[in-house]
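Colleague: Quick one: this structure, given as structure tokens, is what I'll be asking you about.
The values are calculated or read from the model by the stated rules, or taken from the named source; none is laboratory data. Please read all numbers here as calculations on a predicted model, not as lab measurements. For neighbour counting, all protein chains shown are included, and Cβ atoms are generated from backbone atoms with ideal geometry for every residue, glycine included.
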Amino acid sequence: MPALGVSVLAGRDGRTQLGILDPGLGYYSQVTVADVTDDGISELFFNDRQTQAALRTYPQAELLWSQKSERISRHYDNPLLFDWDRDGELEFCICRPEGQLVVRNAVSGEVEAECTFPCLVDNDAVARVTPTIEMIASDINGDEVTDLLFGCGTKLYAISTKTDSAGRLRLLWSHAFTAAVKTPVVADVDRDGRAEVLIPTANSRLHCLDGLP
Ligand SMILES: [Ca+2]
Ligand SMILES: [Ca+2]
Ligand SMILES: [Ca+2]
Ligand SMILES: [Ca+2]
């Protein structure tokens, strides 16, 4: 079982509690934790530019699975976990630079689905939407299907994970800003029971959009 280059620090004083190093594996990404094996212990997920991996952290650090074959977007490297097929279990999702969403089984790492992002006409050019910032998952229109929100340059896109017969994801809406958008959050800020999207932009503004189209 190969080791990972991981250090886990204690929250109380920042001392290293768990440190494993394998210089051959260049994991460098944001991490996410979730208990996907239902044993009460969280697993740690990586989404490096060339490697996706899940790590057990207790009672000892070891690899749950690792996949090195995907070439993913260099802009988007947060490990995104959400219940893709609404069966109560989380899936691990990544983006490919050619505009594809790859859905992996979070326990085994196996690919469960590959979907295509919608094509959009922008300035008379047809292009696939590809995130340039971290994507988040949330049901913003209340239809109990998880939606994906991400920025691409100065535009924010909301995409349903419901696919059509060709495996394409459906655009819910997009919104253009005058400056580059950063990672949004979803919250019911006016307490009307419906989600809003809060999104910062590079011109030091915070915008609030209705989650519904
Ligand atoms: Ca677990
Ligand atoms: Ca699931
Ligand atoms: Ca939805
Ligand atoms: Ca609201």
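Colleague: Only one of Ala61, Ala53 is small (Gly, Ala, Ser), buried (at least 16 other Cβ atoms within 10 Å of the Cβ), modelled with pLDDT of 60 or more and within 15 Å of the chain's Cα centre (by Cα); which? Full working, then the answer.
Modeller: Details: Ala61 fails: within 15 Å of the chain's Cα centre (by Cα).
Unique residue meeting the criteria: Ala53.
Colleague: Considering region 93-112 alone, what residues qualify as being touching a residue at least 40 places away in the same chain (Cβ under 8 Å) and either more than 10 Å from ligand 2 (Cβ to nearest atom) or of a type in the set (Val, Ile, Thr) (or both)? Break it down stepwise before answering.
Modeller: As a first pass, look at region 93-112 and keep what is touching a residue at least 40 places away in the same chain (Cβ under 8 Å): 93-95, 101, 104, 106-109.
Selection gives Cys93, Ile94, Cys95, Leu101, Arg104, Val107, Ser108, Gly109.
Colleague: Let me ask another. Looking at region 201-213, I want the residues that are in contact (Cβ under 8 Å) with a residue 60 or more places away in the chain and have a partner that is of a type in the set (Phe, Trp, Tyr) with Cβ atoms under 8 Å, at least 6 apart or on another chain. Which pairs are those?
Modeller: Pro213/Trp173
Colleague: Next question, about the same structure. Please indicate, with yes or no, whether at least one residue in region 168-178 is more than 14 Å from Pro118 (Cβ to Cβ), under 17 Å from the mean Cα position of the chain (by Cα), more than 16 Å from ligand 2 (Cβ to nearest atom) and among the aliphatic types (A, V, I, L, M). Before you say what the answer is, go through the steps one by one.
Modeller: Pass one, region 168-178, residues more than 14 Å from Pro118 (Cβ to Cβ): 175-178.
In the following step, the residues that additionally are under 17 Å from the mean Cα position of the chain (by Cα) were identified as none.
So far as region 168-178 goes, no, none of its residues is more than 14 Å from Pro118 (Cβ to Cβ), under 17 Å from the mean Cα position of the chain (by Cα), more than 16 Å from ligand 2 (Cβ to nearest atom) and among the aliphatic types (A, V, I, L, M).
Colleague: Then there is this: Considering only residues that are among the polar types (S, T, N, Q) and in a strand (DSSP E or B), look in region 28-67 and name the one that is farthest from ligand 4 (Cβ to nearest atom).
Modeller: Step one: of region 28-67, the residues among the polar types (S, T, N, Q) are 29-30, 32, 37, 42, 47, 50-52, 57, 60, 66-67.
Remaining after also requiring in a strand (DSSP E or B): 32, 47, 52, 66-67.
Working: Thr32: 26, Asn47: 31, Gln52: 34, Ser66: 41, Gln67: 38 Å.
The extreme case among them is Ser66.
Colleague: Restricted to region 85-118, and to residues that are assigned to a loop (DSSP other than H, G, I, E, B) and among the hydrophobic types (A, V, I, L, M, F, W, C), which residue is surrounded by the fewest Cβ atoms within 10 Å (Cβ to Cβ)?
Modeller: Of the residues in region 85-118, the ones assigned to a loop (DSSP other than H, G, I, E, B) are 85-90, 97-99, 106-110, 117-118.
Subset that is among the hydrophobic types (A, V, I, L, M, F, W, C): 90, 106-107, 117.
Working: Leu90: 20, Ala106: 26, Val107: 17, Phe117: 25.
Top of the filtered list is Val107.
Colleague: Six or more apart or on different chains, Cβ under 8 Å: which pairs go from a residue in region 25-41 that's at positive phi to one that's modelled with pLDDT of 95 or more and in a loop (DSSP other than H, G, I, E, B)? Could you list them?
Modeller: none
Colleague: How many residues are of a type in the set (Gly, Ala, Ser) and within 14 Å of Leu212 (Cβ to Cβ) if we restrict to region 132-173? If you could, list the steps in order and put the result at the bottom.
Modeller: Here is the first cut: in region 132-173, the ones of a type in the set (Gly, Ala, Ser) are 137-138, 142, 151, 153, 158, 160, 165-167.
Of the ones still in play, those that are also within 14 Å of Leu212 (Cβ to Cβ) are 138, 142, 158, 160.
The number of residues fulfilling the criteria is 4.
Colleague: So Ser165 ticks every box in (1) among the polar types (S, T, N, Q); (2) at pLDDT below 95; (3) crowded, with 16+ Cβ neighbours inside 10 Å but one. Which box is left unticked?
Modeller: It fails just one condition, (3).
Colleague: While we're on this one: For residues in region 181-197 being of a type in the set (Val, Ile, Thr) and surrounded by 14 or more Cβ atoms within 10 Å (Cβ to Cβ), which is nearest to ligand 2 (Cβ to nearest atom)? Write out each step before concluding.
Modeller: Here is the first cut: in region 181-197, the ones of a type in the set (Val, Ile, Thr) are 181, 183, 185-186, 189, 197.
Then drop every residue that is not surrounded by 14 or more Cβ atoms within 10 Å (Cβ to Cβ), which leaves 181, 183, 186, 197.
On the way: Val181: 28, Thr183: 23, Val186: 20, Val197: 24 Å.
Among residues in region 181-197 that are of a type in the set (Val, Ile, Thr) and surrounded by 14 or more Cβ atoms within 10 Å (Cβ to Cβ), the one nearest to ligand 2 (Cβ to nearest atom) is Val186.
Every residue, every condition in (1) part of a loop (DSSP other than H, G, I, E, B); (2) of a type in the set (S, T, N, Q); (3) surrounded by 13 or more Cβ atoms within 10 Å (Cβ to Cβ), yes or no:
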residue	(1), (2), (3)
Thr130	yes, yes, yes
Ile140	yes, no, yes
Leu156	no, no, yes
Thr161	no, yes, yes
Leu169	no, no, yes
Ala179	yes, no, yes
Ile199	no, no, yes
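Colleague: Out of region 142-154, which residues are assigned to a strand (DSSP E or B) and of a type in the set (D, E, K, R)? Steps first, please.
Modeller: Initially, region 142-154 is screened for residues assigned to a strand (DSSP E or B), giving 147-152.
Correct list: Asp147 only.
Colleague: While we're looking at this one, here's another question. Of all residues being over 16 Å from Asp83 (Cβ atoms) and surrounded by fewer than 19 Cβ atoms within 10 Å (Cβ to Cβ) in region 143-154, which is modelled with the lowest pLDDT? Just the residue, please.
Modeller: Filtering region 143-154 for residues that are over 16 Å from Asp83 (Cβ atoms) and surrounded by fewer than 19 Cβ atoms within 10 Å (Cβ to Cβ), the one modelled with the lowest pLDDT comes out as Gly153.
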